[in-house]
Amino acid sequence: MKEIIVIGGGGFAKEVVWLAHDCNRKVRGVLDDNTFTHGADVQGAIVLGSVDSWVDYTSDCEFVIAIGNPRTRKAVSDKMQLLGKPNFATLIHPSARYSNTVSFGQGSIICAGSILTADITLGAHNILNLNVTVGHECKFGDFITVAPMAAISGNVILDDLVEIGTGATIRQGLNLQKGSMLGMGGVLTKNIPERTIFAGNPAKKLKEITE
Ligand SMILES: CC(C)(COP(=O)(O)OP(=O)(O)OC[C@H]1O[C@@H](n2cnc3c(N)ncnc32)[C@H](O)[C@@H]1OP(=O)(O)O)[C@@H](O)C(=O)NCCC(=O)NCCS
């Protein structure tokens, strides 16, 4: 099996190095554009160089982008693909549970304790952090980030680049449109329009994302 290179050397990368080891994958190292981190130790993996050097490792490595912000994660993926076609690994912690009607997109990271039930489709580069639950017939786009302990009911549609905060809960059948976010602890009872942050219980519009 190919070794793993973790892209991004921040806090979540430490967790992903651990996750990869739990998946019995050997981690070759980390790539990060912050030159101050080069040579640093990330949970036992060394920062080998900048992200563009991924092309030097294609023959015997696969890649995962361990960056929580969906927009940054997409920007890094787009930049990597200017130089070729990276082989992205999908890492699913052995304690995660899912039925045979759940499909995962490439580059996704499913952390310990998450449970996905039936007829669920995840796009590419999704991150489901610790102990997330996803109900029947949910459909997620690409570059979704779900923080720990979020509970997503059945038939929820998350468009590309959606972010869900820690411990948020989502009523069944709702749609979070492209680039929107539900803040930590939010209880969502309505759809969220594009690039808008909702928060609170019941969740209401907090602001628009302008970056
Ligand atoms: C919603 C969120 C994005 C807003 O962040 P922000 O734009 O920096 O907003 P601020 O912290 O300036 O807060 C603005 C107001 O919203 C309130 N607020 C912020 N987050 C809130 C939340 N999750 N629920 C309810 N109110 C919230 C603040 O108390 C503040 O209220 P005030 O104006 O009355 O003082 C952020 O608080 C959040 O929930 N992030 C997710 C964190 C998370 O889950 N991380 C996971 C790491 S694995």
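The values are calculated or read from the model by the stated rules, or taken from the named source; none is laboratory data. Since this is a predicted model, take the numbers as computed values, not measurements. Heads up, the Cβs are rebuilt from the backbone with ideal geometry, glycines too, and the neighbour counts pull from every protein chain shown. Each accessible area value is taken on the protein alone, full model and side chains, heavy atoms only, with ligands, DNA and RNA left out. Shrake-Rupley method; radii C 1.70, N 1.55, O 1.52, S 1.80 Å.
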Region 1-10: number of residues that are over 12 Å from Asp32 (Cβ atoms) and surrounded by fewer than 24 Cβ atoms within 10 Å (Cβ to Cβ): 3
Qualifying residues in region 19-65 (those that are closer than 25 Å to Glu211 by Cβ and more than 20 Å from the chain's Cα centre (by Cα)) - the one surrounded by the most Cβ atoms within 10 Å (Cβ to Cβ): Thr37
Residue in region 37-53 that is small (Gly, Ala, Ser) and within 16 Å of the ligand (Cβ to nearest atom) present: no
Some residue of region 66-76 being more than 13 Å from the chain's Cα centre (by Cα) and outside any helix (DSSP H, G or I): no
Residues that are within 13 Å of the ligand (Cβ to nearest atom) and either open to solvent by 30 Å² or more (accessible area, probe 1.4 Å) or within 16 Å of the chain's Cα centre (by Cα) (or both), drawn from region 185-196: Gly185, Val187, Arg195
Test: residue in region 96-111 that is out of contact with any Lys or Arg (no Cβ under 6 Å at 6 or more places or on another chain), of a type in the set (A, V, I, L, M, F, W, C), more than 14 Å from Gly10 (Cβ to Cβ) and in a strand (DSSP E or B): yes
Residue match in region 164-173 (condition: within 16 Å of the ligand (Cβ to nearest atom), part of a loop (DSSP other than H, G, I, E, B), at positive phi and touching a Pro at 6+ places or on another chain (Cβ under 8 Å)): yes
Filter pass, Arg25 being within 20 Å of Ala112 (Cβ to Cβ), not assigned by TED's automatic domain parsing to the domain that holds Ala112 and not in a strand (DSSP E or B): yes
Glu15, sole failed condition from (1) touching a Cys at 6+ places or on another chain (Cβ under 8 Å); (2) within 30 Å of Gln177 (Cβ to Cβ); (3) more than 16 Å from the ligand (Cβ to nearest atom): (3)
Residue check for Gly179: assigned to a loop (DSSP other than H, G, I, E, B), within 11 Å of the ligand (Cβ to nearest atom) and either within 19 Å of the chain's Cα centre (by Cα) or under 20 Å from His125 (Cα atoms) (or both): no
The lone exception for Val146 - which of (1) within 30 Å of Phe63 (Cβ to Cβ); (2) open to solvent by 30 Å² or more (accessible area, probe 1.4 Å); (3) within 11 Å of the ligand (Cβ to nearest atom) it fails: (2)
Filtered residues of region 149-184 (kept if surrounded by fewer than 23 Cβ atoms within 10 Å (Cβ to Cβ) and either under 19 Å from Gly113 (Cβ atoms) or of a type in the set (Ser, Thr, Tyr) (or both)): Met149, Ala151, Ser153, Gly165, Thr166, Gly167, Thr169, Met184
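If you check Phe88, Phe140, Phe104, which single one turns out to be more than 16 Å from the ligand (Cβ to nearest atom) and surrounded by 23 or more Cβ atoms within 10 Å (Cβ to Cβ)?
Just one listed residue meets the conditions, Phe140.
Within the bounds of region 72-83, is there any residue that is basic (Lys, Arg), open to solvent by less than 50 Å² (accessible area, probe 1.4 Å) and at negative phi?
There is at least one residue in region 72-83 that is basic (Lys, Arg), open to solvent by less than 50 Å² (accessible area, probe 1.4 Å) and at negative phi.
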